[in-house]
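Structure record follows, encoded as structure tokens.
The values are calculated or read from the model by the stated rules, or taken from the named source; none is laboratory data. This is a predicted model, so every value here is computed, not measured. Ideal geometry is used to build each Cβ from the backbone, glycine not excepted, and the neighbour counts take in all protein chains shown. These area figures cover heavy atoms from the full protein model, side chains too; ligands, DNA and RNA do not enter into them. Shrake-Rupley method; radii C 1.70, N 1.55, O 1.52, S 1.80 Å.
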Amino acid sequence: MPESAWGDKIMKCESCNKKHATVHLTEIVGAVKKERHLCEECAQSINTQLTKIPSPTEILTSLINQVAPEISEMSKIVCPVCGLSYLEFRSHGRLGCPMDYTIFRKGLIPLLEKMHGSTQHVGKVPSRAGREIIRKNELMQLRNELNKAVEKEDYEKAAELRDRIYELSGDTSEDQ
Amino acid sequence: MSFQATPVKISDLADNTGEWLRGTGPESDIVISSRIRLARNVARFPFLSRANVKQKKELEEVVRDKIREAEITSDLRYINLAEINPVDRLFLVERHLISREHAGGEGERGVAFGRSETISLMVNEEDHLRIQVIRSGFELREAWKTIDEVDNKLEKKLNYAYSSRFGYLTACPTNVGTGMRASVMLHLPALGMTHHIEKVFNAVMKLGLVVRGLYGEGTQVSGDLYQISNQFTLGKSEKEIIEIIESVIPRITSYERMARKALISENKEQLEDRVWRSYGMLKVARMISSEEIMHLLSQVRMGVNLGIINDIEMKTLNELFIFTLPGHLQKLEGRELTSLQRNIIRAAYVRKRLEKAESLKG
Ligand SMILES: [Zn+2]
Ligand SMILES: [Zn+2]
């Protein structure tokens, strides 16, 4: 094939260098994009290697191994509800039942901190969980917004937020 | 209230497409779709990895019944995934109605979705329930409104596993908190061509967002299609997460538009040549692989957006991205096909669609 007007060659397969590259793959590893131009056959054979990009589970388990402390007292803990042990969680990255968030709390907190940069939910609250939680979460969110407003030196917004916080908390002495 | 009485045949779905493929909505030249999903679990049941066959069955029944009772939309249908074959499941994955993990899973599981394919509810995926809403174009806020309402209806029927500290409790700690993944699918051919796409990735990652390929986690990028979604689910509210994504998307779309403009002003003939060659290839080729078609469609899609090609509708192109995938071709053809057979049928299908599109546009 001739050079195309685009400047790049009408591409040959970069693996066998014989056939016409009809398969154009892009991989993202971290923030790096890598392009590969292959013929159909080479692409087929290489496909198995390509899918070896670490799966989210692999990333997760390696993170767990780095962060979730191997506390000796934790290693003996087994959830009485689902039977999952802390060690099993550490190796698979999946929890066994909702209760595990309580049972493995000590190990989970540093992990969640690393993973999400936070260990406190501030989002939606199911209505049955009650008004009290909704109020607490709203307060927490307003405080976050207040911090942001102060950072941005938007004092008008900050004052407004402060008033809403006072209102919700019902305690005018509270400052944050 | 019940699900649609007649059992759904997957082949019936093959004649239509979901509304999210219409190619309409804000910024739809670059933003193909906006999607939100929520992970929810039922309290007092183990997560699926620790559930036995009996518990899985019970969960499937309970969640399915509650979805039905919640009166989400009048045209909801339900498919038991354990009862259909792998090609049908692949079809549903390509349609974005279920995830790959859900298709490849084991045991009792299913999916409910409406006729417009905007809402889908996956039962016994990684979590007991995954609610998803997809809309055409850049409409995260609308998607959130819809999914929030669906979730409100469901929480009246289902006792969700929830704690005030950790929020919605999920099988994997990466989803805990809001249980929300909001994502936007972008078509960025010019940024790819001009090698500026890494800059986008870097900027996006600094904001705690992740970039993925068309079919989610671990998939390769093809057709210059990228999904940008939130990484963190704990410590930020749903609204805040959406705002972060909303703030970054217009910057990416204008960057892509700038790159396109630069290509036109500096390499007009080359760009046109590239677009028309791709279009020509689609109209004459006798065999096209699934990777090649993504590449060709991407070029042509950009050509249509830039007004280089005027005789194809965006909807047709968006549909071709999906209808030429292996599961769809096999459903259209009504039988299993080898990869070689698919390449032949894919080329024939595209030729037919493009001829029809041209004759319609006169
Ligand atoms: Zn080759
Ligand atoms: Zn447990």
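What about B:Arg351, is it over 23 Å from the mean Cα position of the chain (by Cα), of a type in the set (Lys, Arg) and surrounded by fewer than 14 Cβ atoms within 10 Å (Cβ to Cβ)? It is false that B:Arg351 is over 23 Å from the mean Cα position of the chain (by Cα), of a type in the set (Lys, Arg) and surrounded by fewer than 14 Cβ atoms within 10 Å (Cβ to Cβ). Given the criteria open to solvent by 30 Å² or more (accessible area, probe 1.4 Å) and in a helix (DSSP H, G or I), does B:Gln270 qualify? Yes: the conditions hold for B:Gln270. Of all the listed residues (B:Glu142, B:Glu149), the sole one being closer than 21 Å to B:Lys315 by Cβ, modelled with pLDDT of 95 or more and surrounded by fewer than 21 Cβ atoms within 10 Å (Cβ to Cβ) is B:Glu142.
Scanning the range B:281-326 for residues that are more than 24 Å from the chain's Cα centre (by Cα), among the basic types (Lys, Arg) and assigned to a helix (DSSP H, G or I) gives a single hit, B:Lys283. For the range B:273-292, the set of residues classified as touching a helix residue (DSSP H, G or I) at 6+ places or on another chain (Cβ under 6 Å) and surrounded by fewer than 17 Cβ atoms within 10 Å (Cβ to Cβ) consists of B:Lys283, B:Arg286, B:Met287, listed by residue number. I'm trying to understand the selection: among the residues of the range B:324-347, which are closer than 18 Å to B:Lys283 by Cα and touching a residue at least 60 places away in the same chain (Cβ under 8 Å)? Residues satisfying the conditions are B:Leu325, B:Ala347. Residues of the range B:131-146 that are of a type in the set (Ser, Thr, Tyr) and under 16 Å from the mean Cα position of the chain (by Cα): B:Ser136 alone.
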